[in-house]
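Mind looking over this structure? Questions follow.
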Amino acid sequence: MKIRSVFSSDYYTISSLLNDWWDGRQMSNMLPKLFFDHFNDTSFVAEQDGVIIGFLNGFLSQSRSDEAYIHFVGVHPDYRKQDVGTQLYNQFFNVIKQNGRSVVRCVTSPVNKGSVVYHTKMGFEIEKGDREDSGILVFSDYDGKGGDRVLFVKKLT
């Protein structure tokens, strides 16, 4: 497996796969092309034999000089539990540390239980929300009405 920075053209491949990777859940509209055009240094793909099997889109915060943010991560279902995600995250962590960042944030939907479990295993803490949903702390209407979200933070050492 090879981890590399994203190319602008990777957007077309990845956006066509997203809904399938999420079992038909409509996800492609949550990943704008701008992440492939403007955040190449902090966004990565994992390839196996030239085929994209995972990706991570993130960026350095423009408002908080010690923070970085992971916007979207996906791994092909056939390659899950094979450390593809871990390698993508570690690449991101290494790059942001080189840029003087020590805090990583990300957000997920409370319905994405797999993401909640994965992020906590990766050492992310769930930020205290304003209510619980199935035992998970969430921020109500974080992304507008009905857009409840789980917020994560990880401090790098």
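Which one is modelled with the highest pLDDT among residues in segment 1-48 that are of a type in the set (Val, Ile, Thr), open to solvent by less than 60 Å² (accessible area, probe 1.4 Å) and part of a helix (DSSP H, G or I)?
Result: Thr42.
Any chance you could count how many residues in segment 122-157 are in contact (Cβ under 8 Å) with a residue 24 or more places away in the chain and on the phi > 0 side of the Ramachandran plot?
Residues flagged as in contact (Cβ under 8 Å) with a residue 24 or more places away in the chain and on the phi > 0 side of the Ramachandran plot within segment 122-157 amount to 2.
OK, next. Could you tell me which numbered condition Thr86 fails, if it satisfies all but one of (1) in a loop (DSSP other than H, G, I, E, B); (2) surrounded by fewer than 19 Cβ atoms within 10 Å (Cβ to Cβ)?
(1)
Moving on to the next point. In segment 138-157, what count of residues is obtained for those that are within 26 Å of Arg101 (Cα to Cα) and surrounded by 11 or more Cβ atoms within 10 Å (Cβ to Cβ)?
Number of matching residues: 12.
Still on this structure, please answer the following. Condition first: more than 23 Å from Met30 (Cα to Cα) and charged (D, E, K, R). Now tell me which residues in segment 126-148 satisfy that.
Scanning segment 126-148 gives Lys128, Asp130, Arg131, Glu132.
Taking into account only those residues within segment 92-124 that are assigned to a strand (DSSP E or B) and open to solvent by less than 40 Å² (accessible area, probe 1.4 Å), which is farthest from Val45 (Cα to Cα)?
Filtering first and then ranking leaves Val103.
Then there is this: Could you grab me the full set of residues in segment 127-154 that are of a type in the set (A, V, I, L, M) and either part of a loop (DSSP other than H, G, I, E, B) or out of contact with any helix residue (DSSP H, G or I) (no Cβ under 7 Å at 6 or more places or on another chain) (or both)?
Leu137, Val138, Leu151, Val153
Filter segment 47-94 down to the residues that are in contact (Cβ under 8 Å) with a residue 60 or more places away in the chain and touching a Gly at 6+ places or on another chain (Cβ under 7 Å) and list them by number.
Within segment 47-94, Gly74, Val84, Leu88 meet the criteria.
I need a count of the residues in segment 49-72 that are touching a strand residue (DSSP E or B) at 6+ places or on another chain (Cβ under 8 Å) and assigned to a strand (DSSP E or B).
Total meeting the criteria: 15.
The values are calculated or read from the model by the stated rules, or taken from the named source; none is laboratory data. Quantities reported herein were computed from a predicted structural model and do not represent experimental measurements. So basically every Cβ, Gly included, is an ideal-geometry build from the backbone, and we count neighbours across all protein chains shown. Protein only, heavy atoms only, side chains kept; ligands, DNA and RNA dropped before computing areas. Shrake-Rupley method; radii C 1.70, N 1.55, O 1.52, S 1.80 Å.
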